[in-house]
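The values are calculated or read from the model by the stated rules, or taken from the named source; none is laboratory data. Worth saying up front: this structure is predicted, and the values here are computed from it rather than measured. Neighbour counts are summed over all protein chains in view; Cβ atoms, including those assigned to glycine, are modelled from backbone coordinates with ideal geometry.
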Amino acid sequence: MSEARTPGRHPVPGGRFAPPSADRPTAGTTGARGRASSPTARTAPPARREPRRSRPAVTGPNRRLRQTLAAAPVIAAAVGGTLALASPANASSNWAELRQCESGGNYSINTRNGYYGAYQFSLSTWRSLGYSGLPSDAPPAVQDEAALRLAQRSGFGQWPVCGRGMGPDQLAPGASSPAPPAPPAPQAAPVVPLSLVVQPASTTLARLPFTTALVGEYRADVASWQARMNEIGYPLAVDGHYGPLSAAAASSLQAAKGLAVDGAVGPETWSATFT
């Protein structure tokens, strides 16, 4: 007797039929949604994205050089292929210029900004040097001394702008003190007429005696006598005033000539001068 085959069923040992297989697509058949399935279906790999190229960071000497040039308060200029760094216009080369740069040279300045005096001390710095009170109230000599001590202790970086041009030569004792004023130029002695600077034959041109009482009075005959004393080896200023120096020279002449030493120029001393 033949066995009828039921679609989807197939005989198994013992005469029984296995249940029909589930609606699973087999190789080369059509799936549940009517789409053909492939026995070797592969998933396409995802598209590769090009990596973003980041801008290289500036490191090493180039970065340090850029930072140095940006931070330095100088003017850079290309000169002959090299980089020339110019000092700031307000850099100081001596203490007077530093005072002028910091405070206009005003020792008593106090603008209530926390810095005082010619060198613009802060109170903490001033007191660390052993001083009390306000720097602007201290005498100029004390401020000069304090500034020099500070520079010797900590260098001119304490004045980062105005002290740029200062060098070791400004650390010598007394360097911060202003130079003493120049002495006034000596006044020229009055011109003595040549007719009076002669060797008189007698005392007729002189009103004798000469004493130190004439120190405040100009006398042409005194100037004539002083000129002659210079000629014979007794240096005197020819100023026409008979003062202590003239009297001392007269005494020396009197002693040398064996005359009475009184420091006054009488007839005998006058004669000894011109003979």
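One residue is enough: does the stretch 137-159 have a residue meeting the conditions in contact (Cβ under 8 Å) with a residue 60 or more places away in the chain and outside any helix (DSSP H, G or I)?
Scanning the stretch 137-159, I find at least one residue that is in contact (Cβ under 8 Å) with a residue 60 or more places away in the chain and outside any helix (DSSP H, G or I), so the answer is yes.
Determine whether the stretch 178-198 contains at least one residue that is surrounded by 16 or more Cβ atoms within 10 Å (Cβ to Cβ), modelled with pLDDT of 90 or more and not in a helix (DSSP H, G or I).
Within the stretch 178-198, none of the residues are surrounded by 16 or more Cβ atoms within 10 Å (Cβ to Cβ), modelled with pLDDT of 90 or more and not in a helix (DSSP H, G or I).
Only one of these conditions is not met by PRO244: (1) touching a Ser or Thr at 6+ places or on another chain (Cβ under 7 Å); (2) within 18 Å of ALA206 (Cα to Cα). Which number is it?
Among (1) touching a Ser or Thr at 6+ places or on another chain (Cβ under 7 Å); (2) within 18 Å of ALA206 (Cα to Cα), PRO244 violates only (2).
Does MET166 satisfy the criteria of being part of a loop (DSSP other than H, G, I, E, B), aliphatic (A, V, I, L, M), surrounded by 13 or more Cβ atoms within 10 Å (Cβ to Cβ) and at pLDDT 90 or above?
So MET166 fits the description; yes.
Could you count how many residues in the stretch 220-275 are of a type in the set (A, V, I, L, M, F, W, C) and in contact (Cβ under 8 Å) with a residue 60 or more places away in the chain?
Number satisfying all stated conditions: 2.
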